[in-house]
Amino acid sequence: MNEPILQVNDLHYSYDDTQAALKGISVSIYPGERIAVIGSNGAGKSTFFLNINGVLSPEHGEIFYHGTKITKKSLPQLRKNIGIVFQDADNQIIASSVKAEVSFGPMNLKLPREEVVRRVNMAMEYMNITEYGDRPPHYLSGGEKKRVAIADIIAMEPDVIIFDEPTAALDPLNAAMLEEVLEKLSAEQKTLLISTHDVDFAYRWAKRVLVFCDGQIIADGTPLSVFQNDEVVKKASLARPMMLDVYQELVGSGLLADEGVYPRDMREFRELVGKRGRP
């Protein structure tokens, strides 16, 4: 396997003397991974994200980016290459026009003007917001603001993109748009970490799932292995994906033969049913 793009060792963080938000997080993240980060509110997901992209500084522990330990001197390199799309786009958007907003990050990198223009045009086209260039972003719809917030990060061309609850408050059309964007980014070998309460999305999209509970990672594995672990599901207060429950119910009732291949979405389910039929 490739060397980790991010290596986190024994990470601890507290917001005050009485509440430890992270309690010894250790995890390796590899280039091109699609990772869903799940767990209840307050489990430590967002705090973990803010530590690994340099917004917060851990009290104890180490973070390595491409094998280089992150220190005060190397922190700008981490912030440059680990982008985060926040849950509430209004907390991320600061400029008076969409084009100025998407330009903000590349300009802060002190890139040549031609490179800034290239990145901004690329990111706006990528997110299909070119026509909004001169519009004030705060007057856009929720889904349009989310597109702008994602374009902000794409224009920075980071190695790793973190999405904190990206589907929150999105209607089905914009949620489908987001999944299309995630597929494009994944095809370009971007490393993606997404926190979500949508277990159906995590089950069908992710290749790996990290389960946070009380500031610790209590499970790290494939979506199937995680959601089949009743102890983990109960401890983290998770629901099980509907597709997994439906499939296991059909197998258990004898309506479908069990060959150990679990469909993750409706397309795979239809193919499976059409191929196998009755046992």
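Tabulated results
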read-out: Surrounding net charge for Met266, when Lys and Arg each add one and Asp and Glu each subtract one, Cβ distance under 11 Å; value: 0
read-out: Environment charge at Ser96 (Cβ cut-off 15 Å; Lys +1, Arg +1, Asp -1, Glu -1); value: -1
read-out: C-alpha center-to-center spacing [the range 111-168, the range 189-232] in angstrom; value: 27 Å
read-out: Spin-label model distance (nm) - Val251 vs His197, 7 Å beyond Cα toward Cβ; value: 3.0 nm
read-out: Helix-only mean residue ellipticity at 222 nm for the chain, each DSSP H run of n ≥ 4 adding -39500 (n - 2.57), per residue, nearest 500; value: -11500 deg cm²/dmol
read-out: Order of exposure, largest accessible area first, which applies to Ser57, Ser103 with probe 1.4 Å; value: Ser57, Ser103
read-out: At most 11 other Cβ within 10 Å, DSSP loop - trypsin sites (Lys or Arg not before Pro), the range 29-93; value: Lys72, Lys73
read-out: Beta bridges per DSSP with both ends in the range 48-194, % antiparallel, nearest 5; value: 20 percent
read-out: Spherically averaged projected area in nm², based on the convex hull that wraps the Cα atoms of the chain; value: 16.7 nm²
read-out: Computed FRET value (nearest 0.05) for His138 with Asn41, which takes r as the C-beta separation and R₀ as 30 Å; value: 0.65
read-out: Length-normalised contact order for the chain - Cα pairs under 8 Å, 6+ apart - percent; value: 22 percent
read-out: The range 120-279, relative contact order in percent, only Cα pairs under 8 angstrom and at least six apart counted; value: 14 percent
read-out: Label zone at Asp10, where the point sits 7 Å out along the Cα-to-Cβ direction: the range 60-91 residues whose backbone N lies under 20 Å; value: 60-65, 67-72
read-out: Which of Asp164, Asp258, Asp134 is most accessible, then next, and so on - probe 1.4 Å; value: Asp134, Asp258, Asp164
read-out: Estimated inter-spin distance, Arg240 and Asn128, nm [label 7 Å along Cα→Cβ]; value: 3.6 nm
read-out: Distance-filtered residues of the range 16-39 - backbone nitrogen under 15 Å, label point 7 angstrom along Gln189 Cα→Cβ; value: 30-34
read-out: Surface accessible to a 1.4 Å probe, Tyr203 within the full protein complex, Å²; value: 0 Å²
read-out: Arg147 - accessible surface, heavy atoms, 1.4 Å probe, Å² rounded to 10; value: 50 Å²
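The values are calculated or read from the model by the stated rules, or taken from the named source; none is laboratory data. What you see is a predicted model; the values in this text were computed from it and never measured. In this analysis, Cβ positions are derived from the backbone assuming ideal geometry, glycine residues included, and neighbour counts consider all displayed protein chains. Accessible surface is based on the protein model in full, side chains and every heavy atom, while ligands, DNA and RNA are left aside. Shrake-Rupley method; radii C 1.70, N 1.55, O 1.52, S 1.80 Å.
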